[in-house]
1. Can you name the number of the only condition in (1) part of a helix (DSSP H, G or I); (2) under 22 Å from residue 148 (Cα atoms); (3) in contact with a helix residue (DSSP H, G or I) (Cβ under 8 Å, 6 or more places away or on another chain) that residue 87 fails?
2. Scan segment 32-62 residue by residue and report those that are in contact (Cβ under 8 Å) with a residue 60 or more places away in the chain, loosely packed, with under 15 Cβ neighbours inside 10 Å and assigned to a loop (DSSP other than H, G, I, E, B).
3. For segment 9-62, which positions are at pLDDT below 90 and in contact with a strand residue (DSSP E or B) (Cβ under 8 Å, 6 or more places away or on another chain)?
4. What do you reckon, is residue 98 in contact with a helix residue (DSSP H, G or I) (Cβ under 7 Å, 6 or more places away or on another chain), exposed (fewer than 14 other Cβ atoms within 10 Å of the Cβ), at pLDDT 90 or above and outside any strand (DSSP E or B)?
5. Does segment 63-80 contain at least one residue that is touching a strand residue (DSSP E or B) at 6+ places or on another chain (Cβ under 8 Å), assigned to a helix (DSSP H, G or I) and at pLDDT 95 or above?
6. Residue by residue through segment 7-19, note down the ones that are within 15 Å of residue 92 (Cβ to Cβ) and surrounded by fewer than 19 Cβ atoms within 10 Å (Cβ to Cβ).
7. Pull up segment 101-137, narrow it to residues that are under 18 Å from the mean Cα position of the chain (by Cα) and assigned to a loop (DSSP other than H, G, I, E, B), then point me to the one that is modelled with the lowest pLDDT.
8. Would you check if there is a residue in segment 138-147 being part of a helix (DSSP H, G or I) and either under 20 Å from residue 23 (Cβ atoms) or modelled with pLDDT of 85 or more (or both)?
């Protein structure tokens, strides 16, 4: 892990912890701790979306697209989280209720941060991540091509 995407090797493992905190509230630190405590892979949004293969990143975009088709949404969420022992950061934090429906025994952890400091940190990230040039720059890059769309979908949430 450590900012490197985890890839589950045992799809029978399921989420034990759902991180409900916003991005920029220590989600990576939480993911690193959970990976050690639970001895398994953690789906940290930033690490996964920037470090996984094209199909996995596209899957999260499809999850957002399926928001109004609950059975399909739950199927895609189960596919995206199979084998992970915990999930933190966006986009997972956009689907807390659905993840709890899939994993009713999971515990939810929500880390908070001072609002003004959080907003300053978050605003600088979204300005860069949503910049129009990224659509063109990342279009030919497998895995990364979905990032601008995911940022837009997350912000529309």
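The values are calculated or read from the model by the stated rules, or taken from the named source; none is laboratory data. Because the structure is predicted, anything quoted here is derived from the model rather than measured. Note: ideal-geometry Cβ built from the backbone for every residue, glycine included; neighbour counts use all protein chains shown.
1. Status for residue 87: all satisfied but (1).
2. 53
3. 21, 27, 28, 45
4. Criteria not met by residue 98.
5. yes
6. Within segment 7-19, 8, 14, 16 meet the criteria.
7. Top of the filtered list is 130.
8. Yes: one or more hits.
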